[in-house]
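Undergrad: Could you have a look at this structure, given as structure tokens, before my questions?
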Amino acid sequence: MEKKMKALLDTITFLVFLFFDFVDVVLCVAYKLLDELFEAKPFPCYCGKKLETKELSETLFWRKNVFRGMGFLSFGRKTCEAVKKRDDGNRGELVNRWSDCGCGSCVSWMKKSNQKLHVVVKEFPQVNSEDGPREEATTENVIFLHGFLSSSSYWTHSVFKYLSEPLNHQIYRYFAVDLLGFGKSPKPNDCLYTLNDHVEMIHKSVISAYELSSFHLVAHSMGCNIALALAAKYPKFVKSVTLVAPPYFCDSNDETSSSIALNTVAKKTLWPPLAFGKSVMSWYEHVGRFFCFLICKNHTTWEWIFKLFTQTRELNFMVVDLTRHTHHSAWHSMHNVICGGSKFTDDYVGILINAKVKVWVIHGDQDLTVPLDCSNNLKMKFPQLKLIIVQNVDHGTVIFHRKRDFVKSLQHIWATS
């Protein structure tokens with residue numbers, strides 16, 4: 001009986017995702033036409049393209065589609081070429097994609113001449129005692145990097161509230177960053193959101209802008225891959241790296257680390273609903289863009305409806321952050337950072353170990369988003385790492401259900417580094 005139920009579920013799952021294969025092909029043709037009509041320089045999709053550079057993840061290209069393989073896109077390509085030849089002379093340059101939100105909040109970054117990331121800085125002033133000024137304090141800098149579909153609010157609403165004043169003649173300066181493509185940071189449409197793109201923007205917006213000569217790194221989920229890339233590029237600047245729920249995936253005999261990452265964090269499944277949503281948004285480029293068009297482009301309307309039904313004046317920051325991105329930024333960050341970033345992890349960690357940078361890993365044993373096996377495998381590969389497994393917490397509650405304890409762990413790591 002159990003085998004029959006499993007076979008039935010597998011059949012239903014296959015049919016559902018076969019349907020999405022068809023819808024994605026149809027939307028591919030539709031978006032090609034609309035982009036050619038409304039955009040001066042439309043960004044090409046990945047249907048039928050081949051891997052171009054090592055920086056890009058192969059998961060952008062090898063996602064198999066039954067109908068695409070049957071040549072269903074040939075008509076769409078011919079039609080789009082006709083539209084392009086007819087309309088090239090009449091189109092103007094557009095800054096914002098027609099399918100992205102154009103509200104003041106979402107496009108405010110376009111008004112700034114010097115494009116930098118949005119950074120929230122918290123610094124405790126040096127305190128003087130009754131007997132006069134304290135002994136000259138040293139400044140410790142800490143950069144916080146958030147995870148996927150999040151922002152600096154993830155840290156300002158959790159860790160920042162529990163950070164203490166200067167201790168042991170040290171002043172801590174904290175930087176919570178909105179990563180490129182998320183929150184209030186720039187979301188350029190001509191960017192591929194590779195690890196290098198993220199690292200360069202953090203250097204420009206934080207390290208260079210605030211003239212940091214040394215710093216600690218704290219990162220969650222997707223931010224862990226960016227933190228490792230940043231630390232490996234500037235190992236002499238880094239004092240410690242703390243990774244919370246890092247998405248680490250090793251190559252196997254049959255699959256690359258990138259494909260294992262996609263099949264793990266966004267496995268094609270119908271249940272639970274959140275996992276189903278992740279699989280659809282991660283596997284289907286055009287279906288994902290359609291849902292972003294419905295939700296992200298109209299986020300102000302959805303937020304008003306949500307406030308109306310919940311009778312609240314202010315939405316939880318996590319709800320707001322879910323729509324503070326474009327499909328282009330989220331899609332490429334998912335594949336080029338979370339999936340594609342996995343193939344560089346071993347090299348990055350090796351650089352940090354050789355530079356004697358202390359790397360700490362914190363992971364919840366109930367994490368279903370990024371399984372605990374990720375951190376266990378990382379520890380097995382690099383025994384020099386310090387692994388802390390927290391009981392009875394998941395991907396988010398590893399921080400939010402134990403904020404004070406988490407801050408104490410960070411302060412211990414910084415003090416011993």
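Undergrad: Go through segment 216-265 residue by residue and tally those that are crowded, with 21+ Cβ neighbours inside 10 Å and either on the phi > 0 side of the Ramachandran plot or basic (K, R) (or both).
TA: Number satisfying all stated conditions: 2.
Undergrad: Hey, another quick one. Taking segment 107-120 only, how many residues are closer than 18 Å to H146 by Cβ and touching a residue at least 60 places away in the same chain (Cβ under 8 Å)? Explain how you work it out, then say what you get.
TA: Filtering segment 107-120 for residues closer than 18 Å to H146 by Cβ gives 109, 116-120.
Add one more test, that the residue is touching a residue at least 60 places away in the same chain (Cβ under 8 Å), and what stays is 109, 116-119.
So the count comes out to 5.
Undergrad: For segment 206-225, which residues satisfy the criterion of being part of a loop (DSSP other than H, G, I, E, B) and in contact (Cβ under 8 Å) with a residue 60 or more places away in the chain? Even if it seems obvious, please write down each step before you answer.
TA: First, pick out the residues of segment 206-225 that are part of a loop (DSSP other than H, G, I, E, B): 208-214, 221.
Correct list: A209, Y210, L212, S214, S221.
Undergrad: Which residues, counting only those in segment 57-66, are within 14 Å of T256 (Cβ to Cβ) and either open to solvent by 40 Å² or more (accessible area, probe 1.4 Å) or out of contact with any helix residue (DSSP H, G or I) (no Cβ under 8 Å at 6 or more places or on another chain) (or both)? Give the steps one after another, and end with the answer.
TA: Within segment 57-66, the subset within 14 Å of T256 (Cβ to Cβ) is 57-63.
Listed by number, the residues that qualify are F61, W62.
Undergrad: Something else: With a cut-off of at least 1 residues that are acidic (D, E), name the helices (runs of 4 or more DSSP H) lying wholly within segment 226-318. Full working, then the answer.
TA: On the way: elements: 257-265, 273-283, 285-295, 299-310.
Here the list reads 285-295, 299-310.
Results for (1) modelled with pLDDT of 95 or more; (2) of a type in the set (D, E, K, R), shown as yes or no for each residue.
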site	(1), (2)
A227	yes, no
K239	yes, yes
S257	no, no
Y284	yes, no
C292	yes, no
F309	no, no
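Undergrad: Report, ordered by the first and then the second residue, all pairs with beta carbons closer than 7 Å, sequence separation of six or more or different chains, a first member in segment 146-165 that is among the polar types (S, T, N, Q), and a second member that is open to solvent by 20 Å² or more (accessible area, probe 1.4 Å) and part of a helix (DSSP H, G or I).
TA: Sorted first by the residue in segment 146-165, then by its partner, the pairs are S153/F317; S158/F400; S158/K403.
Undergrad: Still on this structure, please answer the following. Scan segment 15-56 for residues that are out of contact with any Phe, Trp or Tyr (no Cβ under 8 Å at 6 or more places or on another chain), modelled with pLDDT of 85 or more, open to solvent by less than 60 Å² (accessible area, probe 1.4 Å) and among the aliphatic types (A, V, I, L, M) and jot them down.
TA: Residues satisfying the conditions are V16, L18, A30, L33, L56.
Undergrad: Counting only residues that are under 19 Å from K268 (Cβ atoms) and more than 29 Å from the chain's Cα centre (by Cα), which one in segment 1-14 is least open to solvent (accessible area, probe 1.4 Å)?
TA: Of segment 1-14, the ones under 19 Å from K268 (Cβ atoms) are 5-14.
Right, trim to more than 29 Å from the chain's Cα centre (by Cα) and you get 5-12.
Working: M5: 104, K6: 127, A7: 52, L8: 94, L9: 96, D10: 77, T11: 74, I12: 76 Å².
Top of the filtered list is A7.
Undergrad: What's the total number of residues in segment 323-365 that are within 30 Å of E303 (Cβ to Cβ) and surrounded by fewer than 18 Cβ atoms within 10 Å (Cβ to Cβ)?
TA: Qualifying residue count for the region: 0.
Undergrad: Which pairs turn up if I take residues in segment 370-382 that are at pLDDT 95 or above and look for partners that are part of a helix (DSSP H, G or I) with beta carbon separation below 6 Å, at least 6 apart in sequence or on another chain?
TA: If the second residue must be part of a helix (DSSP H, G or I), the pairs left are F382/V349.
Undergrad: Return only the number of the condition from (1) assigned to a loop (DSSP other than H, G, I, E, B); (2) more than 24 Å from K267 (Cβ to Cβ); (3) of a type in the set (A, V, I, L, M, F, W, C) that V370 does not satisfy.
TA: (2)
The values are calculated or read from the model by the stated rules, or taken from the named source; none is laboratory data. Here the structure is a predicted model, which is why all the values come from computation and not from measurement. For neighbour counting, all protein chains shown are included, and Cβ atoms are generated from backbone atoms with ideal geometry for every residue, glycine included. Heavy atoms of the whole protein, side chains included, go into the accessibility calculation; ligands, DNA and RNA do not. Shrake-Rupley method; radii C 1.70, N 1.55, O 1.52, S 1.80 Å.
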